[in-house]
Amino acid sequence: YMVERMVIGDELTVGVFDPIGPEARALAPIHIQPAVEFYDYEAKYNRDDTVYHCPAGLPEALERSLRELCRRAYAAVGASGWGRVDLVLDAEDRPWLLEVNTVPGMTDHSLVPMAARAAGIDVESLCWRILETSLPVQART
């Protein structure tokens, strides 16, 4: 058996990708509000009433700290290329990391492209940036 604390709060996700420079870049958090109780497969891919707030509408200092936390979580698991970090923000604005997803999607419902668009990065540019991360470091400089 595995027992975990139940954390109630807002579900957020942060896209992360390796830049040309030395550290990963974290995109703006997305606040996910499903119209049903849980953000499950149905809520993500089949329903049109799930609301995504991007940017999440958080205070700037909190958003900055969440981006840094997610960037560090991404680095801590040895991820490279690109990924997504999911978390819950509880009622006291404490973040609870859920997972580092090292193979996020690129569909019309996917969250990393959504956050990239909010940062002024179109899907084509995002794809090129992701492809560049697969090159050896010396080829990127």
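The values are calculated or read from the model by the stated rules, or taken from the named source; none is laboratory data. Bear in mind that the values here come from a model prediction, so they are computed numbers and not experimental data. All Cβ positions, glycine included, derive from the backbone under ideal geometry; neighbour counts span all protein chains shown. Just so you know, the surface numbers come from the protein's heavy atoms only, side chains and all, with ligands and any DNA or RNA stripped out. Shrake-Rupley method; radii C 1.70, N 1.55, O 1.52, S 1.80 Å.
In region 42-62, what count of residues is obtained for those that are farther than 13 Å from Leu111 by Cα and in a loop (DSSP other than H, G, I, E, B)?
Residues meeting the conditions: 6.
The conditions are (1) in contact (Cβ under 8 Å) with a residue 12 or more places away in the chain; (2) loosely packed, with under 12 Cβ neighbours inside 10 Å, and Tyr41 fails exactly one of them. Which is it?
(1)
State which residue is least open to solvent (accessible area, probe 1.4 Å) when the search covers only region 63-99 and only residues that are on the phi < 0 side of the Ramachandran plot and assigned to a loop (DSSP other than H, G, I, E, B).
Top of the filtered list is Ala79.
How many residues are out of contact with any His (no Cβ under 6 Å at 6 or more places or on another chain) and in contact (Cβ under 8 Å) with a residue 40 or more places away in the chain when one looks only at region 52-77? Working first, answer last.
So in region 52-77, the residues out of contact with any His (no Cβ under 6 Å at 6 or more places or on another chain) come out as 52, 54-55, 57-77.
Now restrict to residues that are in contact (Cβ under 8 Å) with a residue 40 or more places away in the chain: 52, 54-55, 66-68, 70-71, 74-75.
Residues flagged as out of contact with any His (no Cβ under 6 Å at 6 or more places or on another chain) and in contact (Cβ under 8 Å) with a residue 40 or more places away in the chain within region 52-77 amount to 10.
Write out, first by first residue and then by second, each pair whose Cβ atoms fall under 8 Å of each other, whose residues are 6+ apart or on separate chains, and whose first residue, in region 121-134, is over 12 Å from Trp82 (Cβ atoms) while the second is of a type in the set (A, V, I, L, M) and open to solvent by less than 70 Å² (accessible area, probe 1.4 Å).
From residues that are over 12 Å from Trp82 (Cβ atoms), the pairs are Asp122/Ala116; Val123/Ala116; Ser125/Ala116.
Which residues, counting only those in region 107-136, are open to solvent by less than 80 Å² (accessible area, probe 1.4 Å), assigned to a loop (DSSP other than H, G, I, E, B) and within 18 Å of Lys44 (Cα to Cα)?
Hits for region 107-136 are Thr107, His109, Ser110.
Condition first: open to solvent by 60 Å² or more (accessible area, probe 1.4 Å), within 15 Å of the chain's Cα centre (by Cα) and modelled with pLDDT under 90. Now tell me which residues in region 1-38 satisfy that.
Arg25, the sole residue that qualifies.
So that you can scan it fast, the table gives a plain yes or no per residue for (1) touching a Ser or Thr at 6+ places or on another chain (Cβ under 6 Å); (2) within 16 Å of Ala28 (Cβ to Cβ); (3) not hydroxyl-bearing (Ser, Thr, Tyr):
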position: Ala56; (1), (2), (3): no, yes, yes
position: Arg64; (1), (2), (3): no, yes, yes
position: Glu68; (1), (2), (3): no, yes, yes
position: Arg71; (1), (2), (3): no, yes, yes
position: Ser80; (1), (2), (3): no, no, no
position: Arg84; (1), (2), (3): yes, yes, yes
